[in-house]
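Taking it in order: structure first as structure tokens, then the write-up.
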Amino acid sequence: MEAKQPAFSRWAGNGFARELVFLTPFDDPGTSPGKRPVEPGWQTKIVTPGDLIRWSDTHGNVGLRAKLFPAIDIDVDDQGVADLIARVAVELLGATPARTRANSPRRLLPYRLAGKPFAKAILAFTLPDGRATKVEVLADGQQYVVAGTHASGAALEWSPVAPVASELPTMTREQRDALLAALRPELVRLGCTGIEVKVADDESRHAQPARPGTERLVLIPGGDDLALSARRADGYAATMPPGISGQRGHDATFSAL
């Protein structure tokens, strides 16, 4: 594993310069220490070389906008379940460096956008021991930490090495949905319950606030076979009506038959 300290110039050299975000340090007294953007308008800010120099003079963490570099954020404290989720992601989307820390099985897998930007998705479920947990596909409108120190004091690390933008495998909206669908039977097999997928509407969220009850999309693939579930999810992604694909601004619930 290769530990990385906050170094904006290094991440800029890896091809991420225009998408970097200046974050609070891990010991910041405010909310979400080490994760919260310092400057307003970070979602659309044009990052300049001067910004990178100025940010490098601080001990703040380094963030990356997820719009062009979506990521799978595995916020799961069960080692076996976290390992399984990462394995399925790699099988469907390709191998990618993993951001980890020594004191937790949690990890983040970054990818490079292919096609039209898409919305964040959340896969929420309950572990066999009763703990509620989730996996997030971070996307347009989010950012995530790529270098620095976690609030626990543990250094963030990359395995095997820190990513290079041009070398990351890609992710499309359809692949996002296929991954979420494929994970369900695998989680059920491990004894997880209460599995639910929530996806924000991709287009209407830019035009107006989401209406209550319209932010949920639940994918319920049939069968326990991973490959079969992935194929079914791919098929449904290709034939989804506009209300689900985001063309009209409505979400729906459907079941794979």
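The simple Förster model, with R0 at 41 Å and r as the Cβ-Cβ distance, assigns Arg189 and Arg10 a FRET efficiency of 0.50. Amide H to amide H distances under 5 Å link Gln143 with Ala66, where only residues 5 or more positions off or on other chains count and H is placed in the peptide plane.
For Ala114, the residues 5 or more places off, or on other chains, whose built amide H falls under 5 Å of its own are Met171, Thr172. Other residues whose C-beta falls under 9 angstrom from the C-beta of Glu39 contribute a net charge of 0, scoring Lys and Arg +1 and Asp and Glu -1. Under 5 Å from the amide H of Val21 lie the amide H atoms of Gly63, Leu64, Arg65, each residue being 5 or more positions distant or on a separate chain, with H modelled from the backbone and absent for Pro and chain starts. From most to least packed by mean Cβ count within 10 Å, the peptides 147-159, 30-42, 168-180, 110-122 give 168-180, 110-122, 147-159, 30-42.
Taken together, the values in this text are just the output of simple stated rules run on the coordinates, not laboratory data. The shown structure was predicted, so the numbers you read here are calculated from the model rather than taken from an experiment. FYI the Cβ positions are ideal-geometry reconstructions off the backbone, even for glycines, and counts take in every protein chain you see.
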